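Engineer: Shown below is the structure under consideration.
The values are calculated or read from the model by the stated rules, or taken from the named source; none is laboratory data. On a predicted model such as this, the values are computed, not experimentally measured, just so you know. Cβ placement follows ideal geometry from the backbone for every residue including glycine, while neighbour counts extend to all protein chains displayed. We work out accessible area using only protein heavy atoms, side chains counted, and drop any ligands, DNA or RNA first. Shrake-Rupley method; radii C 1.70, N 1.55, O 1.52, S 1.80 Å.
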Amino acid sequence: ESYAVGLFLNAYRKAITFASTDCTRHVLNGVFRHTEEHALVATDGRRLGMFTIPDLPVDSDFILPPSKLLANGVFSAETGAIGIIEEDDRQIVEFLSGPWRYQCKCVEGMYPNYQQVIPGPTSNFAGSITFAEGDIPLVETAVSQFAQTSDNQIYVYGDEDRGVVIASQPGEDGSRAHVV
């Protein structure tokens, strides 16, 4: 059965950056495929990344380990097939695309309940974003179209439908907000 392997691999590449690098945390080193949420999830216990993917033709949760082949883009395809082999107590995920066939033994274990740290839709959650010192010039460049260099603070609001950037100083046209 044909599947959008490229979308899955792109989500994996994004998610693996959130996974733990601590070699003693085997389950958190991988990317969790959560069937119920149609998502790939990874966390290091401090940061969490969740990326929606199209429904896999497999109705099974699994944890893909860190894989250089999957993460670096060498194995890349728009369409192909994904399947899961379940033998005894282990799972193997298989990717097929063109002449390529790749099998990956899944991590054994229970992924933590990541959903308990995600605020519900009715919660009054105010979050914050902290940038590393080295990332500040990149962030300034990215938001320079929304704020003036004299601004020492901007506000960002986002939900499923839109993102709003609000500068602390009015722009040349007198507005303080930009809707993305």
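Engineer: Go through region 34-62 residue by residue and tally those that are in contact with a helix residue (DSSP H, G or I) (Cβ under 9 Å, 6 or more places away or on another chain) and either farther than 18 Å from Gln116 by Cβ or free of Cβ contacts under 8 Å to residues at least 12 places away in the same chain (or both).
Structural biologist: 6
Engineer: How do the strands (runs of 3 or more DSSP E) wholly within region 93-180 filter down when requiring 1 or more residues that are at pLDDT 65 or above: which remain?
Structural biologist: In region 93-180, 100-105, 154-158, 163-167 are the strands (runs of 3 or more DSSP E) which contain 1 or more residues that are at pLDDT 65 or above.
Engineer: I'm trying to understand the selection: among the residues of region 1-33, which are over 16 Å from Ile82 (Cβ atoms), open to solvent by 20 Å² or more (accessible area, probe 1.4 Å) and without any contact (Cβ under 8 Å) to a residue 40 or more places away in the chain?
Structural biologist: Lys14, Thr17, Phe18, Thr21, Asp22, Cys23, Thr24, Arg25
Engineer: Now for a different question. Among residues belonging to region 53-77 that are part of a helix (DSSP H, G or I) and among the hydrophobic types (A, V, I, L, M, F, W, C), point out the one that is least open to solvent (accessible area, probe 1.4 Å).
Structural biologist: Quick first cut of region 53-77, residues part of a helix (DSSP H, G or I) only: 68-71.
Checking the rest, the ones that are also among the hydrophobic types (A, V, I, L, M, F, W, C) come to 69-71.
Working: Leu69: 60, Leu70: 0, Ala71: 40 Å².
Ranking the candidates gives Leu70 first.
Engineer: Is it fair to say Ile82 is without any contact (Cβ under 8 Å) to a residue 60 or more places away in the chain, within 22 Å of Glu108 (Cα to Cα) and not in a loop (DSSP other than H, G, I, E, B)? Lay out the reasoning, then the answer.
Structural biologist: Values: without any contact (Cβ under 8 Å) to a residue 60 or more places away in the chain: no; within 22 Å of Glu108 (Cα to Cα): yes; not in a loop (DSSP other than H, G, I, E, B): yes.
Judged against the criteria, Ile82 is not a match.
Engineer: Now for a different question. Give just the number: which of (1) over 18 Å from Gln103 (Cα atoms); (2) crowded, with 20+ Cβ neighbours inside 10 Å does Gly80 not satisfy?
Structural biologist: In the conditions (1) over 18 Å from Gln103 (Cα atoms); (2) crowded, with 20+ Cβ neighbours inside 10 Å, Gly80 misses (1) alone.
Engineer: Residues being aromatic (Phe, Trp, Tyr), part of a helix (DSSP H, G or I) and modelled with pLDDT of 90 or more: count how many of those fall in region 2-52. Don't jump to the end; show me each part of the working.
Structural biologist: Step one: list which residues in region 2-52 are aromatic (Phe, Trp, Tyr), which gives 3, 8, 12, 18, 32, 51.
Within this subset, residues satisfying the condition of being part of a helix (DSSP H, G or I) are 8, 12, 18.
This time we only want the ones that are modelled with pLDDT of 90 or more, so: 12, 18.
Residues that pass the stated criteria total 2.
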